[in-house]
Amino acid sequence: MSCIELKDIRYSYGKKTPYEICALDGVSLTVKENCITGIIGHTGSGKSTLIQMFNGLMKPDSGKVIIDGEDIWEKPKEIGKIRYKVGMVMQYPEYQLFAETVKDDIAYGPRNMGISEEEIVNRVAQSANFCGIPEDVLSKSPFDLSGGQKRRVALAGVMAMDPDILVLDEPAAGLDPRGRREILGGIKRYQSESKKSIVIVSHSMEDMAMYCDRIAVMSKGKLIMDGNCAEVFSQRELLLSAGLDVPEISNIIYALRNKGISVPADIYTVDGAVDAIVNYVRGNKNGI
Amino acid sequence: MGFDVTLGQYYETGSVIHRADPRAKLFFMLFFLIATFVAKDVYSFAFLTLVALISIIISKVPFRIVLKGLKPLFIIIAFTALLNVFWVKGQTLLVSFTVIPNFWRVDVYKEGLINAGLMTQRIVTLLAATSVYFSYATTPIALTDGLEKFFGPLKKIKVPVHEFAMMMTIALRFIPTLIDETSKIMNAQKARGADFSSGGLIKRAKALIPIIIPLFISAFRRAEELATAMECRCYRGGTGRTRMNELKMKFRDYVMFTLGALTLAGVILINVYANGYKI
């Protein structure tokens with residue numbers, strides 16, 4: 001199992017022009033193994049730039065990216081190997097499909113890695129299964145599919161490379177609620193079966209609360225919070241000041257607490273809230 | 001992003017040249033263009049270089065930026081200069097050396113050297129001035145608006161001037177979008193282990209397929225969406241279309257026009273007096 005360690009990463013766009021923007025301003029972050037880490041932040045907070053550091057698509061201006069104890073920029077020529085280790089699904093990945101059939105598109109990554117054809121067949125079937133792609137779709141053209149299906153094919157294409165760490169940039173953006181559940185549920189299932197590290201970038205607090213084990217919060221190029229869901233979502237003020245929301249259910253809990261109903265503050269899922277409220281009601285009854 | 005497209009990039013400084021009417025800039029550059037081709041000797045080129053330098057200073061665009069924009073064209077400039085050095089025949093032979101005995105001999109004449117120098121000067125001043133007037137100091141939209149007005153009279157002979165201008169505006173508008181898109185797709189395929197920089201010519205060409213296909217598809221998709229959006233807003237060509245910002249020539253624009261004319265006149269005069277050409 002692998003983990004990623006970022007040390008004091010800095011990066012600016014448009015250096016030495018009047019349009020210079022500092023995207024990352026000294027970010028240090030450790031992505032733990034065997035869990036789903038969520039990265040949240042407002043638009044332009046540097047999330048997408050940050051994750052492109054993970055697999056060496058971008059080189060930091062300063063700071064170190066350490067994967068399995070090795071600085072990835074020590075040998076720039078071997079950066080390709082890092083990309084097999086850290087699989088990345090970019091934003092709107094459905095626009096990167098190109099092959100004649102879905103099967104070939106999923107096989108593109110593994111083929112670049114030089115994996116044998118028999119093994120590729122296996123991997124294509126496996127990752128298609130995780131992403132919920134039916135077998136009859138595999139021999140269709142990717143351009144005949146719906147948007148949601150294309151998204152899954154793109155996701156399967158990266159999963160088929162069997163990376164140690166899987167990084168996903170807004171995997172559920174622009175999908176309907178059902179599509180979101182299916183994609184994110186597939187990722188969660190993949191994680192619990194493979195025990196790999198997964199990083200998800202998203203705007204949606206609900207999704208993050210539901211699927212992530214740990215959460216890192218970015219604001220204006222800085223990492224302002226890093227911890228488990230309860231730790232992060234209980235810091236309501238800080239999240240709101242970063243232009244973010246808390247999950248809807250946390251708002252309800254907050255309102256209840258303001259009315260003097262003593263439920264715990266660190267609740268961020270509907271199930272948790274139901275339990276807490278039931279406990280509270282029962283406690284009251286027993287009290288009487 | 002890995003792409004440095006400085007030629008064709010607006011650089012805001014708010015100078016007089018930035019605010020001038022695009023038509024005035026077009027006329028000025030037209031005069032300047034004719035002047036560079038009329039120019040024949042060192043004096044007139046010195047004069048034109050001076051005009052270009054003053055333009056850059058007035059536009060307040062840093063020299064560094066202008067030079068950076070010229071960098072991609074360095075090879076073309078160097079090639080033109082070399083051609084002139086080796087192939088122009090003249091009176092004064094400087095060096096002569098044999099490349100392949102009895103077959104290929106290269107003579108370098110003094111005239112060739114001068115010609116090469118002047119040619120380089122011609123390209124550099126022309127490019128520097130054009131990039132300052134048209135890309136750094138004029139937004140693409142203003143430029144196409146200016147062009148539309150400039151060629152407006154051609155509408156009388158049924159040339160679809162407005163449509164051409166609109167096509168140009170759209171093309172310019174989508175250059176950064178497509179560049180952005182290309183780098184995104186490249187990144188996505190790199191993340192899937194694509195390698196664009198090793199192997200032979202055929203292998204490299206093949207490696208481009210995963211970029212070109214998605215790029216074309218997204219370009220067509222964008223074109224279709226744009227066409228629909230324009231139709232939804234009742235776009236039906238230039239007839240009867242009004243503008244939000246009407247172009248209006250002001251005093252300073254007439255001054256710029258006059259200065260352009262004076263530059264051309266200056267070069268012609270230098271030609272007449274220094275070289276004794278007859279008008």
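The values are calculated or read from the model by the stated rules, or taken from the named source; none is laboratory data. As the structure is a prediction and not an experimental result, all values here were calculated from the model. Every residue, glycine as well, gets a Cβ built from its backbone with ideal geometry; the counts of neighbours run over all protein chains shown.
Condition first: at pLDDT 85 or above, buried (at least 16 other Cβ atoms within 10 Å of the Cβ) and basic (K, R). Can you find one or more residues in the range B:153-174 that meet it?
There is no residue in the range B:153-174 that is at pLDDT 85 or above, buried (at least 16 other Cβ atoms within 10 Å of the Cβ) and basic (K, R).
Among the candidates A:F233, A:F143, which residue alone is without any contact (Cβ under 8 Å) to a residue 40 or more places away in the chain, hydrophobic (A, V, I, L, M, F, W, C) and in the same structural domain as A:I67 (by TED's automatic domain parsing)?
On the way: A:F143 fails: without any contact (Cβ under 8 Å) to a residue 40 or more places away in the chain.
After applying the criteria, what remains is A:F233.
Out of the residues in the range B:194-211 meeting the condition of being facing chain A (nearest Cβ under 10 Å) and assigned to a helix (DSSP H, G or I), tell me which one is nearest to A:V158 (Cα to Cα).
Checked the range B:194-211; the qualifying residue nearest to A:V158 (Cα to Cα) is B:P210.
Say whether the condition of being more than 19 Å from B:T49 (Cβ to Cβ), free of Cβ contacts under 8 Å to residues at least 60 places away in the same chain and either among the basic types (K, R) or touching a Leu at 6+ places or on another chain (Cβ under 8 Å) (or both) is met by at least one residue in the range B:76-93.
Among the residues of the range B:76-93, at least one is more than 19 Å from B:T49 (Cβ to Cβ), free of Cβ contacts under 8 Å to residues at least 60 places away in the same chain and either among the basic types (K, R) or touching a Leu at 6+ places or on another chain (Cβ under 8 Å) (or both), which makes the answer yes.
When you check B:A52 against the structure, is it aliphatic (A, V, I, L, M), under 13 Å from B:N115 (Cα atoms), at pLDDT 85 or above and in contact with a helix residue (DSSP H, G or I) (Cβ under 7 Å, 6 or more places away or on another chain), yes or no?
So B:A52 does not fit the description; no.
Would you point out the residue of the range A:80-119, among those that are surrounded by 19 or more Cβ atoms within 10 Å (Cβ to Cβ) and more than 13 Å from chain B (Cβ to nearest Cβ), that is nearest to B:D180 (Cα to Cα)?
For the range A:80-119, the residue satisfying everything is A:V102.
Kindly evaluate A:D164 against the criterion of being buried (at least 20 other Cβ atoms within 10 Å of the Cβ) and either modelled with pLDDT of 90 or more or closer than 22 Å to A:S202 by Cα (or both).
So A:D164 does not fit the description; no.
Give B:V66, B:V85 a once-over and let me know the one that is farther than 30 Å from A:Y11 by Cβ and not in a loop (DSSP other than H, G, I, E, B).
Every option except B:V85 fails the conditions.
Output yes when any residue across the range A:142-152 is in contact with a Ser or Thr (Cβ under 8 Å, 6 or more places away or on another chain) and modelled with pLDDT of 90 or more, and no when none is.
So the first thing to find is which residues in the range A:142-152 are in contact with a Ser or Thr (Cβ under 8 Å, 6 or more places away or on another chain), and the list is A:142.
Of the ones still in play, those that are also modelled with pLDDT of 90 or more are A:142.
Checked the range A:142-152: at least one residue is in contact with a Ser or Thr (Cβ under 8 Å, 6 or more places away or on another chain) and modelled with pLDDT of 90 or more.
When you look at A:L50, is it under 12 Å from A:M218 (Cβ atoms) and surrounded by fewer than 24 Cβ atoms within 10 Å (Cβ to Cβ), yes or no?
Spelling it out, it is not the case that A:L50 is under 12 Å from A:M218 (Cβ atoms) and surrounded by fewer than 24 Cβ atoms within 10 Å (Cβ to Cβ).
Considering A:A173, A:A216, which residue is in a loop (DSSP other than H, G, I, E, B) and under 20 Å from A:G46 (Cβ atoms)?
Selected residue: A:A173, the only one of A:A173, A:A216 that is in a loop (DSSP other than H, G, I, E, B) and under 20 Å from A:G46 (Cβ atoms).
Determine, yes or no, whether A:M161 is assigned to a loop (DSSP other than H, G, I, E, B) and either farther than 19 Å from A:L6 by Cα or more than 11 Å from the chain's Cα centre (by Cα) (or both).
yes
Does at least one position in the range B:231-241 carry a residue that is assigned to a loop (DSSP other than H, G, I, E, B), more than 14 Å from chain A (Cβ to nearest Cβ) and touching a helix residue (DSSP H, G or I) at 6+ places or on another chain (Cβ under 6 Å)?
So the first thing to find is which residues in the range B:231-241 are assigned to a loop (DSSP other than H, G, I, E, B), and the list is B:233-241.
Those left that are additionally more than 14 Å from chain A (Cβ to nearest Cβ): B:233-241.
Imposing the further condition that a residue be touching a helix residue (DSSP H, G or I) at 6+ places or on another chain (Cβ under 6 Å) reduces the set to B:238.
The answer is yes, given that some residue of the range B:231-241 is assigned to a loop (DSSP other than H, G, I, E, B), more than 14 Å from chain A (Cβ to nearest Cβ) and touching a helix residue (DSSP H, G or I) at 6+ places or on another chain (Cβ under 6 Å).
Starting from residues that are part of a loop (DSSP other than H, G, I, E, B) and aliphatic (A, V, I, L, M), keep the ones in the range A:263-279 and report whichever is nearest to the chain's Cα centre (by Cα).
Of the range A:263-279, the ones part of a loop (DSSP other than H, G, I, E, B) are A:263-269.
Restricting the remaining residues to those that are aliphatic (A, V, I, L, M) gives A:263, A:265, A:267.
Details: A:V263: 30, A:A265: 25, A:I267: 21 Å.
Among them, the one singled out is A:I267.
Checking A:G14 against (1) within 14 Å of chain B (Cβ to nearest Cβ); (2) at negative phi: exactly one of these is not met. Which one?
Here A:G14 clears every test but (2).
Restricting to the range B:172-193, count the residues that are within 11 Å of another protein chain (Cβ to nearest Cβ) and more than 13 Å from A:G157 (Cα to Cα). Working first, answer last.
Filtering the range B:172-193 for residues within 11 Å of another protein chain (Cβ to nearest Cβ) gives B:181, B:183-193.
Still in the running and more than 13 Å from A:G157 (Cα to Cα): B:181, B:183-187.
Total satisfying the criteria: 6.
One line per residue, one yes/no per condition, for (1) in contact (Cβ under 8 Å) with a residue 24 or more places away in the chain; (2) out of contact with any His (no Cβ under 7 Å at 6 or more places or on another chain); (3) not in a helix (DSSP H, G or I):
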| site | (1), (2), (3) |
| --- | --- |
| A:T49 | yes, yes, no |
| A:G56 | yes, yes, yes |
| A:P60 | yes, yes, yes |
| A:G80 | no, yes, no |
| A:Y84 | yes, yes, no |
| A:E100 | yes, yes, yes |
| A:D104 | no, yes, no |
| A:N122 | no, yes, no |
| A:A128 | yes, yes, no |
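So B:N102 ticks every box in (1) outside any helix (DSSP H, G or I); (2) surrounded by 15 or more Cβ atoms within 10 Å (Cβ to Cβ) but one. Which box is left unticked?
(2)
Pairs please, first residue from the range A:1-29 and modelled with pLDDT of 85 or more, second anywhere and surrounded by fewer than 16 Cβ atoms within 10 Å (Cβ to Cβ) and among the aliphatic types (A, V, I, L, M), Cβ atoms under 9 Å, 6+ apart in sequence or on different chains.
A:S12/A:I21; A:Y13/A:I21; A:Y13/B:M1
Can you pull out the residues in the range A:122-141 that are more than 14 Å from chain B (Cβ to nearest Cβ), out of contact with any Gly (no Cβ under 9 Å at 6 or more places or on another chain) and closer than 26 Å to B:I211 by Cβ?
A:A128, A:I133, A:V137, A:L138, A:S139, A:K140
Could you say whether any residue in the range B:152-166 is more than 8 Å from every other protein chain (Cβ to nearest Cβ), free of Cβ contacts under 8 Å to residues at least 12 places away in the same chain, assigned to a loop (DSSP other than H, G, I, E, B) and β-branched (V, I, T)?
Looking for residues that are more than 8 Å from every other protein chain (Cβ to nearest Cβ), free of Cβ contacts under 8 Å to residues at least 12 places away in the same chain, assigned to a loop (DSSP other than H, G, I, E, B) and β-branched (V, I, T), one finds at least one in the range B:152-166, hence yes.
Taking B:L226, is it in contact (Cβ under 8 Å) with a residue 24 or more places away in the chain, surrounded by 12 or more Cβ atoms within 10 Å (Cβ to Cβ) and in contact with a Pro (Cβ under 7 Å, 6 or more places away or on another chain)?
no
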